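Working notes, beginning with the structure itself.
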């Protein structure tokens, strides 16, 4: 994992085009997470993978899925929302459901059925 610190900003998994995570004053910003390991999977498989990426990155940055402040979900097909919500409901911590937006939108890669963008809070030490 590549980490870069610039003043009050810490970036994780830094690449030439983007960082997977940026942390600033206790707020964790995640890049859009996509199903890169299962691009040919169905909505259930892709959603499980993407939420796994979200959880891993939040944990690495000192946060957790119980500390999500905001979530934006982009799905290709409105017909997939029921399956996506089933996976989400099983994954999210009861009593800690964040404000969430779900948008129907095309993906850069037509195989990607979902992309998730999350902002979280670091857990107080």
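What are the residue pairs meeting all of these: first residue in segment 64-78, first residue assigned to a loop (DSSP other than H, G, I, E, B), second residue at pLDDT below 95, Cβ atoms under 8 Å, and 6 or more apart or on different chains?
Matching pairs, first to second residue: 64/123; 76/106; 76/107; 76/110.
Does segment 71-92 contain at least one residue that is closer than 19 Å to residue 124 by Cα and out of contact with any strand residue (DSSP E or B) (no Cβ under 6 Å at 6 or more places or on another chain)?
The answer is no; no qualifying residue exists.
If you take the residues in segment 32-65 that are closer than 16 Å to residue 107 by Cα and buried (at least 20 other Cβ atoms within 10 Å of the Cβ), which one is farthest from the chain's Cα centre (by Cα)?
43
Could you list, in sequence order, the residues of segment 30-47 that are farther than 13 Å from residue 116 by Cβ and outside any loop (DSSP other than H, G, I, E, B)?
Scanning segment 30-47 gives 44, 45.
Those residues that are over 21 Å from residue 36 (Cβ atoms), touching a helix residue (DSSP H, G or I) at 6+ places or on another chain (Cβ under 8 Å) and either part of a loop (DSSP other than H, G, I, E, B) or at pLDDT below 95 (or both), I need them from segment 96-125; list them, please.
Residues satisfying the conditions are 96, 122, 123.
Please specify each residue of segment 92-125 satisfying the condition of being under 18 Å from residue 60 (Cα atoms) and within 14 Å of the chain's Cα centre (by Cα).
Matches in segment 92-125: 92, 116, 117, 118, 119, 120, 121.
Could you please find all residues in segment 7-26 being crowded, with 16+ Cβ neighbours inside 10 Å and touching a residue at least 60 places away in the same chain (Cβ under 8 Å)?
23
Quick test for you: out of 93, 23, pick the one residue that is outside any helix (DSSP H, G or I), under 12 Å from residue 119 (Cα atoms) and modelled with pLDDT of 95 or more.
Residue meeting the stated conditions: 23.
The values are calculated or read from the model by the stated rules, or taken from the named source; none is laboratory data. None of these values were measured; they are calculated from a predicted model. Note that we place each Cβ from the backbone using ideal geometry, even for glycine, and neighbour counts take in every protein chain shown.
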